[in-house]
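Have a look at the structure below before the remarks.
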Amino acid sequence: MFTGLVETTGTVLSLDPRGESARLLVQAPSIAPELALGESVAVNGCCLTVTDIDTRAGTFAFDLLMQTLRVTSLGDLKPGSLVNLERAMRLGDRFGGHFVQGHVDDTVRVLDFSRHGQDHRLEVEFPAKHHGLVIPKGSICLDGISLTAAETGTASITCWIIPHTLQVTHLHTKRPGDRLNVEFDMLGKHVRELVRAHSA
């Protein structure tokens, strides 16, 4: 379980296909020494398992199934790409974001990312199949970042990005057309399924 509060960013060193899987190697010296094999880390909002660590180099690796590459944007990563990183929350920690499982629901493309004063406006597409899962002022997780949906329309969702979020995440590297992983609020998904079951 995660909170959507990004701890740090890491740099992708490689994404190597290996038959029916791939190996993702990331460098993030600030957290590498504290990781353990088998630990869960959210990489751009996708929960992955640490399979190798080199504390001297500040690197760690993940094995990605083809299913993961199909349903997320991780296959778009290239050497030099920045990724958002968050380790699993610990009992007793402050909980400042919202419940994030690290189970990506879909990918959405950036429609607009523009500066307005000191803040930035991020608009992403909102496929019709997901309507009802986001409400104005509700929570949404984009590439592992807990954000508030300021506006929801029939085709897009708009979030406002404060300078701090821009500074501590990879968002400053994003442009229109880029894909982001999206995880909708757990409560909204459960409510929709309950309504469907009741209506059946």
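The numbers here are math on the coordinates, done by the rules we state, and not lab data. Since we're looking at a predicted model, the values are computed, not measured. No Cβ is skipped: glycine too gets one built from the backbone with ideal geometry, and neighbour counts run over all protein chains shown.
The convex hull defined by the C-alpha atoms of the chain has an orientation-averaged projected area of 12.4 nm². Note on segment 8-87: Kirkwood hydrodynamic radius from all Cα pairs is 12.3 Å, rounded to one decimal.
A straight chain from Gln118 to Gln167 at 0.36 nm per residue would run longer than the Cα-Cα distance by 16.4 nm.
Simple spin-label estimate for Glu151 and Arg70 gives 3.6 nm between the two label positions (7 Å along the Cα-to-Cβ direction from each Cα).
Taking a sphere under 13 Å around the Cβ of Asn84 and counting the other residues whose Cβ falls inside, with K and R at +1 and D and E at -1, yields a net charge of -2. Axis angle, to the nearest 10 degrees, between helix 186-199 and the longest C-alpha principal axis of the chain: 50 degrees.
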